[in-house]
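Data block below; observations after.
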Amino acid sequence: MTMIERARKRRMHRNLVAGAVAATLSWTVAPGAIADPVDEPTIEVNGGEFSLPTRVEPADHVKDALPEVMSGWLFRDADTRAMQLDDFENQGMIFADSGAEAWDTVEGTEGKSCASCHNDIESMKGVRASMPKMNEAGDDLWSMENFINDCRVNRMGAEEWAWNSQPMKNMTAAISVQSRGLPMDVAIDGPAQSWWEKGKEMYYTRFGQLEMSCANCHEDNYGNMIRADHLSQGQINGFPVYRLKDSNVVSIHQRFVGCVRDTRAETFKAGSEEFRALELYLASRGEGLPIEGVSVRH
Amino acid sequence: MQRPATMPLTLAAMILAATAGAGLAADPPAPSDLTWNEGAIDQSLTGQPGDPAAGAEVMTTNALGNCVACHQISAMPDVPFQGDIGPMLDGVAGRYTEAQLRGIVADAKKTFEGSMMPGFYKGEGFIRPGDGYTGKAAEEPLPPILTAQQVEDVVAYLVTLKE
């Protein structure tokens, strides 16, 4: 389908929806809530403290798949977009603040906090932008959650946090915020390459009874509507996101679980090899996009 | 309607005879037993015509067919948020025969190779088949997304969509 055909279809769709809204009167959604990705070159956070580009050139390894790499923020409605423009409006920051508090909290048999070794949490600047990456031993691809638990168990003598537990999500939020504005830049060569290949294969695999791949929605149909949902490119630079639907921060793998489940498939577990591989591949598709975490999505 | 506690024997015998005669007593074919004719299915899955009103309900209900998630239908102006992933269905009855429409609803990939459209009367051949939307594993064959009757109801609605 050409861009013009797409645009015409979308226009017809808008007219149809506007008509339906007018007809039922019970819908409180403004007609402008459903639209093409908005034409905003940057997300201006805190009155310009952060100016985050919303569209970047695709890296070489995604050129064939995407003509342009776009933030999911562009696909959300005006109210949702506005919430991310001010850290006081962004409910995700409450969770990041809790994580920052935990950073300084001593736990475990060694009497240490994160700060005991890493000093101020600002030392984590850049970490989020390079995740996931190979561990120090070079034998496994780790997400940020794996690094956090490695520290907790082996340095602090503390209990592991479950992947999607509140303290884990708070901590990944707090660490991600330190990288806000830095471009996504993951290593996909060397020992990470086989992980990347595996993640790419997953991206194009049509799972479940609905036989849908990530690409069906997020590569072939971004910008289109699936019922009331405006499909984005499924970029992960905004994670962890504050999701209005959950009234909580949501991890990358938590979202993966939901997407695969929604194809009527047996999903993979958060933290699984499969989802870490997919995380690497998706991070590489978003190369160059700024870290938005904690972003706001619906 | 209240079912009578007992039924006169003659009436019961008449109903039995009538249903047997119309082939209604037979179970609909399992998805794996369908007879395909180049992507089309010539025979009604239930042996009787579908109900277009019930079909419209299936097509607009999230937990059933939810066809409007991806397709627009101008004849349903009251249904909000119609998606634009697949082609509009306006006039679809002029483009495809009833048998072709039945085949497309049951398993569109037999007509359009690589289509994103799920098969709505299909039970096996999936990668990591799940138990509905639970995220848990399930053994194939899975129950199809729509029943044979629902497929026929949808087809009955689609054949009304003439230009």
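What follows is calculated from the coordinates using simple rules that are stated; it is not laboratory data. Computed from a predicted model, the values in this text were never measured in an experiment. Don't worry about glycine lacking a Cβ; one is built from the backbone with ideal geometry, like all the others, and counts go over all protein chains shown.
Mind listing which chymotrypsin sites (Phe, Trp or Tyr not before Pro) in segment B:98-158 are in a DSSP loop and have 14 or fewer other Cβ atoms within 10 Å?
Sites meeting the loop and neighbour criteria: B:Phe112.
Inter-chain Cβ neighbour count for A:260-271, averaged per residue, equals 5 (cutoff 10 Å, partner chain atoms only). Placing unit charges on each Cβ (+1 for Lys and Arg, -1 for Asp and Glu) gives the protein assembly as shown a dipole about its Cα centre, and among B:Pro144, B:Gly130, A:Ser143 the Cα reaching farthest toward its positive end belongs to B:Pro144.
For segment B:28-48 versus segment A:161-193, the spacing of their alpha-carbon centroids is 50 Å. Counting other Cβ atoms within 10 Å as a rough exposure proxy, the listed residues A:Val69, B:Val105 run A:Val69, B:Val105 from fewest neighbours to most.
In segment A:193-255, which trypsin sites (Lys or Arg not before Pro) fall in coil by DSSP and have 11 or fewer other Cβ atoms within 10 Å? Write out the running numbers ahead of the final one.
Values: sites: A:Lys198, A:Lys200, A:Arg206, A:Arg227, A:Arg243, A:Lys245, A:Arg255; in loops: A:Arg206, A:Arg227, A:Lys245.
Listed in order of number, the matching sites are A:Lys245.
Shape class of segment A:35-94 from the Cα gyration tensor (axes a ≥ b ≥ c, square roots of the eigenvalues): prolate, since a/c reaches 1.5 or more and a/b is larger than b/c. Counting charges near A:Pro53 (Lys, Arg +1; Asp, Glu -1) among other residues having Cβ under 12 Å from its Cβ returns a value of -4.
Shape class of chain A from the alpha-carbon gyration tensor: prolate, with a/c at 1.5 or above and a/b greater than b/c. Shape verdict for segment A:92-177, please, from the Cα gyration tensor: rounded (a/c under 1.5), prolate (a/b greater than b/c) or oblate. Judged from the Cα gyration tensor, segment A:92-177 comes out rounded (a/c under 1.5). Taking the fewest neighbouring Cβ atoms within 10 Å as the starting point, the ordered list for A:Cys214, A:Cys117, B:Cys67, A:Cys259 is A:Cys117, A:Cys259, A:Cys214, B:Cys67.
Over all Cα atoms in segment A:53-197, the spread is summed up by Rg and Dmax: 17.3, 52 Å. Among the listed pairs A:Lys269/B:Lys136; A:Lys198/A:Lys269; A:Lys169/A:Lys269; A:Lys63/A:Lys200; B:Lys110/B:Lys162, which are separated by more than 18 Å between their Cα atoms? Those over the limit are B:Lys110/B:Lys162.
Taking amide H positions as modeled 1.01 Å from N, with prolines and chain starts lacking one, the residues under 5 Å from A:Phe50 and 5 or more places away or on another chain are A:Val45. Ranked by how many other Cβ atoms sit within 10 Å of their own Cβ, fewest first, the residues A:Leu66, A:Leu289 fall in the order A:Leu66, A:Leu289. Using θ = phi - 60° in the Karplus curve 6.51 cos²θ - 1.76 cosθ + 1.60, the 3J(HN,Hα) couplings for segment A:85-97 round to 7, 9, 4, 7, 7, 7, 5, x, 5, 5, 6, 5, 5 Hz; x is entered for Gly and Pro.
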